[in-house]
């Protein structure tokens with residue numbers, strides 16, 4: 001998250017909420033009363049499909065905002081569930097609205113943050129449209145303009161690429177080969 005927005009949100013009162021793994025933070029249709037910032041663990045924003053499957057729309061980890069696209073909505077359009085034991089800061093939506101209305105710099109910081117999130121979502125959609133592990137890894141490396149993460153983070157990278165870890169490990173070995 002951008003430093004200026006982080007500082008602005010840190011200035012707002014928040015209460016801490018702990019969640020067990022698979023515990024719901026909110027349900028589809030619940031009124032929106034808060035903005036959530038993940039402190040520990042991982043949360044997922046899910047939409048349940050008619051066939052019973054789940055579509056994950058967001059994964060949020062420590063330091064990230066969660067379901068921030070709902071700030072100006074009245075009711076949630078998805079369910080929020082803890083993927084792991086988690087802890088979140090709960091910031092009253094009225095406080096967020098007050099902050100954004102109080103100063104154009106606050107609103108501009110929010111707009112910059114949301115624009116960045118749209119770019120990330122578009123990249124992810126494009127990434128997942130690629131057919132091979134090699135294509136996905138090339139796109140990820142180009143987007144991040146960085147080398148591969150350390151070996152201990154390859155499992156997380158596989159998840160981000162939307163592939164199983166083993167094919168990613170083979171692709172990395174082939175490139176180093």
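Read-outs throughout are calculated quantities, based only on the coordinates presented, and are distinct from any laboratory measurement. What you see is a predicted model; the values in this text were computed from it and never measured. Glycine also receives a Cβ, built like all others from the backbone with ideal geometry; neighbour counts cover every protein chain displayed.
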Worksheet item: log₁₀ I(q)/I(0) of the stretch 54-107 at q = 0.20, 0.25, 0.26, 0.28 Å⁻¹, via Debye over equal Cα point scatterers, no solvent, to two decimals?
Response: -0.89, -1.18, -1.23, -1.31
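Relative contact order for the chain: what percent, with Cα pairs under 8 Å and sequence separation of 6 or more? Mind dumping the intermediate values first?
Values: 263 pairs, mean separation 42.5, N = 177.
For the chain, the relative contact order is 24 percent.
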Worksheet item: Tell me, how many Å apart are the Cα centres for the stretch 103-177 and for the stretch 40-76?
Response: 19 Å
Discussion item. Taking every alpha carbon pair in the stretch 1-106, what does the distance histogram look like in 10 angstrom bins from 0, in percent?
Written reply: 15, 47, 30, 7, 1
Fill in: Stretch gain in nm, segment residue 53-residue 120, where the contour uses 0.36 nm per residue and the Cα spacing is subtracted
21.7 nm
Fill in: Sites residue 32 and residue 135, calculated FRET efficiency, Cβ-Cβ separation with R0 41 Å, nearest 0.05
0.60
Worksheet, complete the sentence: Highest GNM mean-square fluctuation among 113, 155, 24, for the chain with Cα springs under 10 Å, belongs to 155
Response to the item:
Among (i) 1.33; (ii) 1.80; (iii) 1.14, the entry matching Cα Rg over 2.2 N^0.38 Å as calculated here is (iii)
Item to complete: Neighbouring Cβ atoms within 10 Å as the yardstick, rank 84, 132 fewest first.
Response: 132, 84
